[in-house]
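A quick write-up on the structure given underneath.
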Amino acid sequence: GLLGALTSPMIVRGTDLTRLMVTMGVALVLLELANKFDDLTGGADGLQGVLIGPLLGHFEFDLGARVASFYSLAVLFLAFLLLRRLVRSPLGVSLQALRDNRLRVMALGLSVTGRLAAVYTLGAALAGAAGALLAQTTGFASLDVLEFHRSADVMTALIIGGTGWLWGGLVGAIAFKVLHDLLSAITPQYWTFWIGLILVVLMLVGRERLLSPRRWFRRQA
(Lines give C-alpha, C1' and ligand atoms only; values in the text may rest on other atoms or scores of the structure.)
Protein backbone atom coordinates (compact mmCIF):
# COMPACT_ATOMS: atom_id res chain seq x y z
CA GLY A 1 0.00 0.00 0.00
CA LEU A 2 2.86 2.39 0.80
CA LEU A 3 4.49 1.66 -2.55
CA GLY A 4 1.16 2.30 -4.28
CA ALA A 5 0.83 5.64 -2.50
CA LEU A 6 4.35 6.65 -3.56
CA THR A 7 3.79 5.75 -7.23
CA SER A 8 0.20 7.04 -7.43
CA PRO A 9 1.18 10.56 -8.64
CA MET A 10 2.52 8.95 -11.83
CA ILE A 11 -0.53 6.74 -12.28
CA VAL A 12 -3.25 9.39 -12.04
CA ARG A 13 -1.92 11.38 -14.97
CA GLY A 14 -3.24 10.94 -18.50
CA THR A 15 -6.03 8.78 -19.85
CA ASP A 16 -7.11 5.26 -18.89
CA LEU A 17 -4.79 3.69 -21.48
CA THR A 18 -1.88 5.80 -20.22
CA ARG A 19 -2.53 4.70 -16.65
CA LEU A 20 -2.62 1.09 -17.76
CA MET A 21 0.75 1.34 -19.50
CA VAL A 22 2.36 3.27 -16.61
CA THR A 23 1.12 0.63 -14.15
CA MET A 24 2.76 -2.11 -16.19
CA GLY A 25 5.89 0.05 -16.48
CA VAL A 26 6.08 0.35 -12.68
CA ALA A 27 5.88 -3.45 -12.41
CA LEU A 28 8.75 -3.84 -14.89
CA VAL A 29 10.87 -1.31 -12.96
CA LEU A 30 10.21 -3.26 -9.76
CA LEU A 31 11.20 -6.45 -11.59
CA GLU A 32 14.58 -5.00 -12.53
CA LEU A 33 15.14 -3.66 -9.02
CA ALA A 34 14.28 -7.03 -7.49
CA ASN A 35 16.66 -8.73 -9.91
CA LYS A 36 19.45 -6.27 -9.07
CA PHE A 37 19.15 -6.46 -5.28
CA ASP A 38 19.55 -10.23 -5.19
CA ASP A 39 20.89 -10.14 -1.61
CA LEU A 40 17.41 -9.11 -0.49
CA THR A 41 15.17 -10.87 -3.02
CA GLY A 42 17.26 -13.85 -4.08
CA GLY A 43 17.38 -12.57 -7.64
CA ALA A 44 16.55 -15.03 -10.39
CA ASP A 45 16.62 -17.92 -7.89
CA GLY A 46 13.97 -16.30 -5.69
CA LEU A 47 13.56 -16.72 -1.94
CA GLN A 48 13.82 -20.42 -1.27
CA GLY A 49 13.37 -22.38 1.92
CA VAL A 50 10.82 -19.99 3.41
CA LEU A 51 9.52 -21.55 6.63
CA ILE A 52 6.01 -20.61 7.73
CA GLY A 53 4.96 -21.38 11.27
CA PRO A 54 1.64 -23.04 12.12
CA LEU A 55 -1.41 -20.87 11.51
CA LEU A 56 -2.63 -19.48 14.85
CA GLY A 57 -0.03 -21.74 16.43
CA HIS A 58 -2.01 -24.93 15.76
CA PHE A 59 -2.63 -25.52 12.04
CA GLU A 60 0.37 -26.72 10.04
CA PHE A 61 0.64 -25.93 6.33
CA ASP A 62 0.41 -29.47 4.92
CA LEU A 63 1.28 -30.78 1.44
CA GLY A 64 -2.42 -31.20 0.67
CA ALA A 65 -2.79 -27.42 0.98
CA ARG A 66 -5.97 -27.71 3.03
CA VAL A 67 -4.86 -25.17 5.62
CA ALA A 68 -3.49 -22.89 2.90
CA SER A 69 -6.77 -23.08 0.97
CA PHE A 70 -9.00 -22.25 3.94
CA TYR A 71 -6.59 -19.55 5.06
CA SER A 72 -6.59 -17.92 1.61
CA LEU A 73 -10.38 -18.15 1.36
CA ALA A 74 -10.74 -16.52 4.78
CA VAL A 75 -8.51 -13.61 3.77
CA LEU A 76 -10.40 -13.31 0.47
CA PHE A 77 -13.72 -13.22 2.32
CA LEU A 78 -12.52 -10.46 4.65
CA ALA A 79 -11.12 -8.45 1.74
CA PHE A 80 -14.40 -8.85 -0.15
CA LEU A 81 -16.38 -7.61 2.86
CA LEU A 82 -14.07 -4.60 3.12
CA LEU A 83 -14.51 -3.76 -0.56
CA ARG A 84 -18.28 -4.28 -0.35
CA ARG A 85 -18.41 -1.79 2.51
CA LEU A 86 -16.22 0.60 0.51
CA VAL A 87 -18.45 0.41 -2.57
CA ARG A 88 -21.46 1.44 -0.48
CA SER A 89 -19.60 4.28 1.25
CA PRO A 90 -19.57 7.90 0.01
CA LEU A 91 -16.12 7.29 -1.47
CA GLY A 92 -17.42 4.27 -3.35
CA VAL A 93 -20.40 6.18 -4.69
CA SER A 94 -18.11 8.98 -5.87
CA LEU A 95 -15.90 6.40 -7.61
CA GLN A 96 -18.95 5.01 -9.43
CA ALA A 97 -19.85 8.54 -10.49
CA LEU A 98 -16.28 9.07 -11.67
CA ARG A 99 -16.53 5.90 -13.74
CA ASP A 100 -19.77 7.05 -15.36
CA ASN A 101 -18.99 10.73 -15.98
CA ARG A 102 -15.65 12.29 -15.12
CA LEU A 103 -16.67 15.83 -16.16
CA ARG A 104 -19.69 15.90 -13.87
CA VAL A 105 -17.58 14.79 -10.92
CA MET A 106 -15.16 17.62 -11.64
CA ALA A 107 -18.08 20.04 -11.95
CA LEU A 108 -19.27 19.02 -8.47
CA GLY A 109 -15.91 20.10 -7.08
CA LEU A 110 -14.70 16.60 -6.20
CA SER A 111 -11.02 15.75 -6.61
CA VAL A 112 -10.68 13.27 -9.48
CA THR A 113 -6.94 12.73 -9.03
CA GLY A 114 -7.33 12.26 -5.29
CA ARG A 115 -9.92 9.53 -5.75
CA LEU A 116 -7.88 7.80 -8.44
CA ALA A 117 -4.82 7.87 -6.17
CA ALA A 118 -6.83 6.49 -3.25
CA VAL A 119 -8.32 3.58 -5.20
CA TYR A 120 -4.94 2.81 -6.80
CA THR A 121 -3.31 2.73 -3.35
CA LEU A 122 -6.03 0.39 -2.12
CA GLY A 123 -5.50 -1.85 -5.16
CA ALA A 124 -1.76 -1.92 -4.45
CA ALA A 125 -2.42 -2.94 -0.84
CA LEU A 126 -4.70 -5.77 -1.97
CA ALA A 127 -2.08 -6.90 -4.49
CA GLY A 128 0.50 -6.91 -1.71
CA ALA A 129 -1.80 -9.02 0.46
CA ALA A 130 -2.21 -11.46 -2.44
CA GLY A 131 1.56 -11.65 -2.85
CA ALA A 132 2.00 -12.27 0.87
CA LEU A 133 -0.55 -15.09 0.68
CA LEU A 134 1.32 -16.61 -2.26
CA ALA A 135 4.61 -16.56 -0.36
CA GLN A 136 3.03 -17.96 2.80
CA THR A 137 1.09 -20.78 1.16
CA THR A 138 3.84 -21.90 -1.24
CA GLY A 139 6.91 -21.14 0.88
CA PHE A 140 8.57 -19.56 -2.14
CA ALA A 141 8.75 -16.12 -3.75
CA SER A 142 10.34 -15.47 -7.13
CA LEU A 143 10.64 -12.73 -9.72
CA ASP A 144 7.77 -14.38 -11.55
CA VAL A 145 5.29 -12.31 -9.50
CA LEU A 146 6.61 -9.16 -11.20
CA GLU A 147 6.76 -10.55 -14.76
CA PHE A 148 4.63 -9.05 -17.53
CA HIS A 149 2.59 -12.21 -17.96
CA ARG A 150 1.34 -11.93 -14.37
CA SER A 151 -0.09 -8.50 -15.18
CA ALA A 152 -1.54 -9.94 -18.39
CA ASP A 153 -3.22 -12.74 -16.42
CA VAL A 154 -4.86 -10.19 -14.11
CA MET A 155 -6.07 -8.16 -17.09
CA THR A 156 -7.43 -11.31 -18.75
CA ALA A 157 -9.36 -12.23 -15.61
CA LEU A 158 -10.85 -8.73 -15.44
CA ILE A 159 -11.85 -8.85 -19.10
CA ILE A 160 -13.58 -12.21 -18.62
CA GLY A 161 -15.32 -11.23 -15.38
CA GLY A 162 -16.07 -7.67 -16.39
CA THR A 163 -15.23 -4.37 -14.75
CA GLY A 164 -17.59 -2.03 -12.98
CA TRP A 165 -18.98 -4.57 -10.51
CA LEU A 166 -17.49 -6.07 -7.38
CA TRP A 167 -17.84 -9.71 -8.42
CA GLY A 168 -16.07 -9.18 -11.74
CA GLY A 169 -12.54 -9.85 -10.55
CA LEU A 170 -13.57 -12.88 -8.50
CA VAL A 171 -15.67 -14.47 -11.24
CA GLY A 172 -13.06 -13.66 -13.88
CA ALA A 173 -10.23 -15.17 -11.83
CA ILE A 174 -12.15 -18.41 -11.29
CA ALA A 175 -13.15 -18.62 -14.95
CA PHE A 176 -9.60 -17.90 -16.11
CA LYS A 177 -8.06 -20.60 -13.91
CA VAL A 178 -10.68 -23.15 -14.96
CA LEU A 179 -10.12 -22.34 -18.63
CA HIS A 180 -6.35 -22.46 -18.12
CA ASP A 181 -6.47 -25.91 -16.51
CA LEU A 182 -8.92 -27.35 -19.06
CA LEU A 183 -7.22 -25.95 -22.15
CA SER A 184 -3.68 -26.72 -20.98
CA ALA A 185 -4.75 -30.31 -20.33
CA ILE A 186 -6.18 -30.62 -23.84
CA THR A 187 -3.55 -28.64 -25.77
CA PRO A 188 -0.52 -27.89 -23.55
CA GLN A 189 1.29 -25.98 -26.32
CA TYR A 190 -1.59 -23.89 -27.67
CA TRP A 191 -3.76 -23.09 -24.66
CA THR A 192 -2.87 -19.38 -24.95
CA PHE A 193 -4.27 -19.39 -28.49
CA TRP A 194 -7.65 -20.60 -27.27
CA ILE A 195 -7.66 -18.11 -24.41
CA GLY A 196 -7.00 -15.35 -26.94
CA LEU A 197 -9.76 -16.65 -29.21
CA ILE A 198 -12.22 -16.66 -26.30
CA LEU A 199 -11.30 -13.05 -25.52
CA VAL A 200 -11.84 -12.04 -29.15
CA VAL A 201 -15.27 -13.71 -29.22
CA LEU A 202 -16.11 -12.12 -25.87
CA MET A 203 -15.29 -8.67 -27.23
CA LEU A 204 -17.16 -9.19 -30.52
CA VAL A 205 -20.27 -10.85 -29.13
CA GLY A 206 -20.48 -9.23 -25.71
CA ARG A 207 -20.67 -10.86 -22.30
CA GLU A 208 -24.47 -10.74 -22.04
CA ARG A 209 -25.04 -12.11 -25.54
CA LEU A 210 -22.34 -14.77 -25.10
CA LEU A 211 -24.29 -16.26 -22.20
CA SER A 212 -27.41 -16.33 -24.41
CA PRO A 213 -26.52 -17.97 -27.78
CA ARG A 214 -30.00 -17.24 -29.19
CA ARG A 215 -29.07 -13.54 -29.30
CA TRP A 216 -25.77 -13.99 -31.14
CA PHE A 217 -27.11 -13.31 -34.60
CA ARG A 218 -29.75 -10.76 -33.70
CA ARG A 219 -29.16 -7.19 -34.67
CA GLN A 220 -28.58 -4.83 -31.83
CA ALA A 221 -30.90 -1.86 -31.66
Which one is most open to solvent (accessible area, probe 1.4 Å), of the residues in region 132-151 that are farther than 10 Å from Leu31 by Cβ and among the aliphatic types (A, V, I, L, M)?
Leu134
Which one of the conditions (1) over 20 Å from Trp167 (Cα atoms); (2) aliphatic (A, V, I, L, M); (3) at pLDDT 85 or above does Ala79 fail to meet, given that it meets all the rest?
(1)
The residue from Gly53, Gly25, Gly43 that alone is in contact with a helix residue (DSSP H, G or I) (Cβ under 8 Å, 6 or more places away or on another chain) and either surrounded by fewer than 12 Cβ atoms within 10 Å (Cβ to Cβ) or among the small types (Gly, Ala, Ser) (or both) is Gly43
Which of the residues belonging to region 154-163 are open to solvent by 50 Å² or more (accessible area, probe 1.4 Å) and either of a type outside the set (S, T, N, Q) or in a helix (DSSP H, G or I) (or both)?
Val154, Met155, Leu158, Ile159
Test set (1) surrounded by 15 or more Cβ atoms within 10 Å (Cβ to Cβ); (2) without any contact (Cβ under 8 Å) to a residue 40 or more places away in the chain; (3) not aromatic (Phe, Trp, Tyr) - Leu122 fails condition number:
(2)
How many residues does region 181-221 hold that are among the aliphatic types (A, V, I, L, M), at pLDDT 60 or above and open to solvent by 100 Å² or more (accessible area, probe 1.4 Å)?
5
Selection within region 107-153 - within 21 Å of His180 (Cβ to Cβ) and either of a type in the set (Ser, Thr, Tyr) or not in a helix (DSSP H, G or I) (or both):
Thr137, Thr138, Phe140, Ser142, Glu147, Ser151
Starting from region 93-112, take each residue that is under 21 Å from Leu166 (Cβ atoms) and polar (S, T, N, Q) and list its partners that are modelled with pLDDT of 80 or more and not in a helix (DSSP H, G or I), counting only C-beta distances under 9 angstrom and pairs at least six apart or across chains.
Ser94/Leu108; Ser94/Leu110
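The values are calculated or read from the model by the stated rules, or taken from the named source; none is laboratory data. Source: prediction; values computed, not measured. We place every Cβ from the backbone using ideal geometry, glycine too, and count neighbours over all the protein chains shown. In case anyone asks, the SASA skips ligands and DNA or RNA and just uses the protein heavy atoms, side chains included. Shrake-Rupley method; radii C 1.70, N 1.55, O 1.52, S 1.80 Å.
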